[in-house]
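The next block holds one structure in the form of structure tokens; read it before the comments.
The values are calculated or read from the model by the stated rules, or taken from the named source; none is laboratory data. Note that this is a predicted model, so its numbers are computed, not measured. Quick reminder, even Gly has a Cβ in these numbers, built from the backbone with ideal geometry, and neighbours come from all protein chains shown.
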Amino acid sequence: MSDLGVQPVTEPASQEPGLSQWQRVTNTFSAPSKTFADIKRGNKSWWLPYLIAIFFSYILFAGITAKVGWQQVAENNIKASPKQAEKFDQMPADQRAGAMKISAYVTEGIFVASPVTVLIGASLVSLILWGTINFGFGGKATFKEIFAVNFYATLPALIQPVLGTIALFAGLAPESFNLNNYAGTNVAYFLPLEETNKGLYAFASQIDIVTIWVAVLLSIGVATVAGKKRSAGYIAVFGWWAVWTIIRVAGGLLAG
């Protein structure tokens, strides 16, 4: 006689529904683990935080154009570097004016090209973190996962162009605008630029609450998609943060 016993019915494993991009954006600030877990599940779309970043970049661009002017930005940049300022002072008046115009056009052009430069920067950072967490810590993250993590984790950095734009329209003197440090989120912002040792200024600029916030999010996200402990993510991300700090300090000392 054949076995007519009733076989138990196996319920399909319940899967948590994926998040929308807007939900991932908001969760980045309130519950970042949910955002990164969603990316790990295969939802790797990154275009929304990218578009948000470009939007705020152009808002700052409009503020600089209206309230400072790119010629003034170029002059401020040169004043911030004594060696460069000395070279400009030694030029004949016509050459100095021409060099200043070129500097202004280049600086403005970099801002105009932000849709491209943001992608290039994100790709380089993602490539470095992808190689570090996988080859250094035995992770299993894909480049696309790290790339998506990067865009969501850097969302808090948008606070800086917002603060910079507010400062411009609140009456900040054009001569005081520092394109390389326009938001008061780090220690260096409160130091006198022309009187402070450039190495010290570079180090102080790295002590930035937004930068540290982004680094923490990157650490959590990289570890999540790589399937590693968070400690591995912290070591990977903050290790590169330390390397970049050393490079900036060394560059400041040479420039000063």
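Assorted remarks:
- Residue match in the range 201-210 (condition: surrounded by fewer than 20 Cβ atoms within 10 Å (Cβ to Cβ), of a type outside the set (A, V, I, L, M) and assigned to a loop (DSSP other than H, G, I, E, B)): no
- Scanning the range 200-228 for residues that are in contact with a Gly (Cβ under 7 Å, 6 or more places away or on another chain), touching a residue at least 60 places away in the same chain (Cβ under 8 Å) and not aliphatic (A, V, I, L, M) turns up G227, K228.
- Checking each residue in the range 25-41 for being part of a helix (DSSP H, G or I) and closer than 17 Å to T142 by Cβ picks out T35, F36, A37, D38, I39, K40.
- Any hit, the range 155-162, residues being surrounded by 15 or more Cβ atoms within 10 Å (Cβ to Cβ), touching a Pro at 6+ places or on another chain (Cβ under 8 Å) and modelled with pLDDT of 95 or more: yes
- Qualifying residue in the range 141-164 (condition: over 25 Å from E108 (Cα atoms) and either in a loop (DSSP other than H, G, I, E, B) or free of Cβ contacts under 8 Å to residues at least 12 places away in the same chain (or both)): yes
- Screening A188, A226 for residues that are over 19 Å from A122 (Cβ atoms) and at pLDDT 95 or above leaves exactly one candidate, A188.
- Pairing each residue of the range 165-180 that is aromatic (F, W, Y) with any residue that is part of a loop (DSSP other than H, G, I, E, B) and buried (at least 16 other Cβ atoms within 10 Å of the Cβ), provided the two are 6+ apart or on different chains, yields C-beta distances under 8 Å for F177/V68.
- Scanning the range 99-110 turns up no residue that is within 19 Å of the chain's Cα centre (by Cα), surrounded by 13 or more Cβ atoms within 10 Å (Cβ to Cβ), modelled with pLDDT of 90 or more and farther than 18 Å from F61 by Cβ.
- The listed residues are S126, S57, and the only one of them that is buried (at least 17 other Cβ atoms within 10 Å of the Cβ), modelled with pLDDT of 95 or more, in contact with a Phe, Trp or Tyr (Cβ under 6 Å, 6 or more places away or on another chain) and polar (S, T, N, Q) turns out to be S126.
- Subset of the range 161-187 (residues that are under 30 Å from F36 (Cβ atoms) and in contact with a helix residue (DSSP H, G or I) (Cβ under 6 Å, 6 or more places away or on another chain)): P161, G164, T165, N181, Y182, A183, T185, N186, V187
- I52 at pLDDT 95 or above and either more than 30 Å from F169 (Cα to Cα) or surrounded by 17 or more Cβ atoms within 10 Å (Cβ to Cβ) (or both): no
- Check on E108, part of a helix (DSSP H, G or I), acidic (D, E) and closer than 17 Å to N178 by Cβ: yes
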